[in-house]
1. Could you list all residues from the range 259-288 that are of a type in the set (D, E), farther than 16 Å from D238 by Cβ and not in a helix (DSSP H, G or I)?
2. I'd like to check something: does the range 306-317 contain any residue that is at pLDDT 95 or above, in contact with a Cys (Cβ under 7 Å, 6 or more places away or on another chain) and in a helix (DSSP H, G or I)?
3. Within the range 83-124, take every residue that is modelled with pLDDT of 95 or more and of a type in the set (V, I, T) and give me the one that is farthest from A136 (Cα to Cα).
4. Across the range 197-216, what is the number of residues that are more than 19 Å from the chain's Cα centre (by Cα), farther than 11 Å from C88 by Cβ and at pLDDT 95 or above?
5. Do any helices (runs of 4 or more DSSP H) entirely within the range 57-161 hold 1 or more residues that are polar (S, T, N, Q) and touching a residue at least 40 places away in the same chain (Cβ under 8 Å), and if so, which?
6. Considering only residues that are of a type in the set (S, T, Y) and over 18 Å from A220 (Cα atoms), which ones fall in the range 45-93?
7. Looking at A35, is it modelled with pLDDT under 95, part of a loop (DSSP other than H, G, I, E, B) and buried (at least 18 other Cβ atoms within 10 Å of the Cβ)?
Amino acid sequence: MTHIKRTAAAVALAASALLLSACSSAPAPDTAANAADGRPVVDKDNWPEKVPTHGLTKNLTLPLEAYMASYEDQVTVEQAANDLQSSCMKEYGIDLTLPRAGANPPPSDNDANIERRYGLTDRAGAEKYGYELAPALREHTRQTMRELSGAEVEVLTGHTKPEPVKAAKTGEAFVGPGQGTEPARTEFNGKKVKAGGCIGWSKAQLGAPAADPVLVAELAGESLTRSMKDEKVVAAIDAWSSCMAGKGHAGLADPYRAMDQGVTQDQQPTPESIALAVDDVDCKQKTDLVKIWFGVESAIQDRQIADNQDRLTGIKEQHGKEVAVARRQMTASAQ
């Protein structure tokens with residue numbers, strides 16, 4: 001059970017990390033061409049579905065998902081911030097084009113990661129890719145941005161340009177966030193530098209909260225861990241494990257162990273990993289594991305929502321305001 005608890009937390013955290021990394025480095029909904037190979041920089045066809053339309057999680061939505069930011073909304077806010085930052089920089093006579101948001105989508109629409117929350121659930125994908133992601137989700141669209149001068153960094157961020165340091169073992173230079181920085185100069189080109197730079201100003205314009213709410217992610221991680229202690233889920237996992245053993249996959253105590261075993265080092269599925277993945281999904285279907293697990297966790301989340309209704313409502317309202325402002329900003333930028 002210790003392994004299951006550790007994996008449950010990892011699943012919840014990994015989902016958050018995927019979304020954050022995809023949005024922070026990413027670019028937004030448009031059809032600009034990738035200069036490298038002619039592909040669109042942002043391809044909405046590769047964006048995750050809001051609600052799964054296939055597999056064992058088809059049409060399933062956990063209660064807490066109502067309080068999670070969708071990928072589309074995150075892209076909207078990210079792109080609106082980028083647009084504001086570019087216009088802010090122009091006020092100082094600096095022409096800066098930032099990457100477009102939405103270019104490198106995650107595999108799931110939000111932090112719930114429902115498609116793989118209970119392990120692999122899509123048989124069609126298992127037949128093609130085993131436990132790996134589809135090729136489109138493994139590709140990374142690179143967008144270049146010119147090197148900024150020290151002064152430009154100050155105007156953009158509100159602090160001086162970090163000085164790269166060399167790693168002790170490899171000698172490789174790297175820059176950490178806020179590493180060795182000082183407050184920015186007070187003025188540039190005769191104009192006062194904004195507090196927090198153009199980035200801080202853009203967040204204030206969008207009404208972004210001072211800190212990202214972590215309550216929803218914490219509750220989702222807790223509900224997953226608690227659900228695995230439920231006797232109905234324990235029995236269903238045991239039935240799945242027995243089914244897998246009957247197909248020649250002995251020793252798999254839970255679906256996460258199957259994922260650990262099936263993922264390949266080079267992200268290229270093998271006949272063995274595909275066979276394991278297909279049997280995994282088939283045994284979940286035979287034992288109703290996903291349906292049982294989802295039902296138990298949904299009930300837990302309903303209780304969590306009732307216990308935290310005021311805080312969750314506040315988070316949802318704040319997010320709604322931020323997205324609405326971001327949409328208005330993007331409309332204004334397009335005109």
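The values are calculated or read from the model by the stated rules, or taken from the named source; none is laboratory data. Just so it is clear, the structure is predicted and the values come from calculations on it, not from any experiment. Quick reminder, even Gly has a Cβ in these numbers, built from the backbone with ideal geometry, and neighbours come from all protein chains shown.
1. Answer for the range 259-288, where residues must be of a type in the set (D, E), farther than 16 Å from D238 by Cβ and not in a helix (DSSP H, G or I): just D266.
2. The answer is no; no qualifying residue exists.
3. If we take residues in the range 83-124 being modelled with pLDDT of 95 or more and of a type in the set (V, I, T), then I94 is farthest from A136 (Cα to Cα).
4. 0
5. Because the criterion is at least 1 residues that are polar (S, T, N, Q) and touching a residue at least 40 places away in the same chain (Cβ under 8 Å), the helices (runs of 4 or more DSSP H) in the range 57-161 that meet it are 71-91, 150-157.
6. So the first thing to find is which residues in the range 45-93 are of a type in the set (S, T, Y), and the list is 53, 57, 61, 67, 70-71, 76, 86-87, 92.
Across the range 45-93, the qualifying residues are T53, T76, S86, S87, Y92.
7. On the way: modelled with pLDDT under 95: yes; part of a loop (DSSP other than H, G, I, E, B): yes; buried (at least 18 other Cβ atoms within 10 Å of the Cβ): no.
For A35, the condition - modelled with pLDDT under 95, part of a loop (DSSP other than H, G, I, E, B) and buried (at least 18 other Cβ atoms within 10 Å of the Cβ) - is not met.
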